[in-house]
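Here is the structure we will look at.
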Amino acid sequence: MKSRRLRAYDRNCLNGQAGLIGVDEAGRGALAGPVVAAAVAARSGFYDTDWCKRNASRINDSKLLSPEEREDLYSRLRWLERTNRIFIGVGVGSVKEIEEHNILGATQIAMKRAMDEILSQAGISRHDPDPLFAETASSSESEERLSQWIVLVDGKPMRTLGFKHHGIVKGDSKSLCIAMASIIAKVTRDRQMMALDCQYPHYHFASSKGYATPLHREAIIESGPTPIHRSLFLRKILEEKTDDEQVEFGFDEIDQRLTS
């Protein structure tokens, strides 16, 4: 089964390391709202637990799950977090940061924030000790370090992400820890967009989640963008609106006469 391959993939990646950290994002291609990243850390022993053996078969790329399945698995993953079986970190790249740093930059900001939360919760140090002081190290000797973990990020590697990682194209359908991160990121962002739907009900954020659905596009054309829309993503839609207005007022006919 494919789901069993997700667990097997992670077990093969461990290679004697302390554990795996999977990182994924949600909302990168949306027209509105933030981009949300999640990181899920699982120690090597997690993959041999009864829970993992029984439940890993249900976990998959969040896009392939129904909303009900995602919500149920989200609750189960949060339970694992509360019982210290996994660690979960979430980071957000705001609309302002998307405008300032473009979507790739904002995605990396969100991923860094998710990683920082993971490292803080799990007590993992980002830096290895200075070899010059290795002999005199005391409490730091037992400190777990990021170099003892393998970080898997969905997609291609990112040069300026700020931590060593392996980019896995379509990783959310290959790796269990990335798939878990994809569920956390997706549900977290969906809930945020549903809350924004109460503030901007005309834009159908509860159903579109900010993506370019027909109803969402129509609302943008009719009423213009809101403060939570990504202006760089709206150029094509707003150009279509301008073209439609020119046709409505006969400007296209005037242009044809002037150029004929």
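The values are calculated or read from the model by the stated rules, or taken from the named source; none is laboratory data. Source: prediction; values computed, not measured. Cβ coordinates were reconstructed from backbone atoms using ideal geometry, including for glycine residues, and neighbour counts include every protein chain displayed.
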(message) Filter segment 18-38 down to the residues that are surrounded by 24 or more Cβ atoms within 10 Å (Cβ to Cβ) and within 14 Å of C177 (Cα to Cα) and list them by number.
(response) L20, I21, G22, V23, D24, E25, A37, A38
(message) Based on this model, can you work out whether D61 counts as modelled with pLDDT under 95, closer than 24 Å to M193 by Cβ and surrounded by 14 or more Cβ atoms within 10 Å (Cβ to Cβ)?
(response) yes
(message) Take residues that are of a type in the set (A, V, I, L, M, F, W, C), touching a Phe, Trp or Tyr at 6+ places or on another chain (Cβ under 7 Å) and under 21 Å from H166 (Cα atoms) and tell me which of the strands (runs of 3 or more DSSP E) falling wholly in segment 1-102 contain 1 or more.
(response) 19-26, 35-43
(message) Looking at the structure I just gave you, is L14 hydrophobic (A, V, I, L, M, F, W, C), buried (at least 16 other Cβ atoms within 10 Å of the Cβ) and at negative phi?
(response) yes
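crowded, with 22+ Cβ neighbours inside 10 Å and over 16 Å from the mean Cα position of the chain (by Cα): does that describe G45? So that I can check it myself, show each step before the final result.
Numbers: crowded, with 22+ Cβ neighbours inside 10 Å: no; over 16 Å from the mean Cα position of the chain (by Cα): yes.
It is false that G45 is crowded, with 22+ Cβ neighbours inside 10 Å and over 16 Å from the mean Cα position of the chain (by Cα).
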(request) Examine segment 108-116 for a residue that is assigned to a loop (DSSP other than H, G, I, E, B) and buried (at least 20 other Cβ atoms within 10 Å of the Cβ), and state whether such a residue exists. (result) no
(request) State whether the residues of segment 73-90 include one that is in contact (Cβ under 8 Å) with a residue 12 or more places away in the chain, touching a strand residue (DSSP E or B) at 6+ places or on another chain (Cβ under 7 Å) and aromatic (F, W, Y). (result) yes
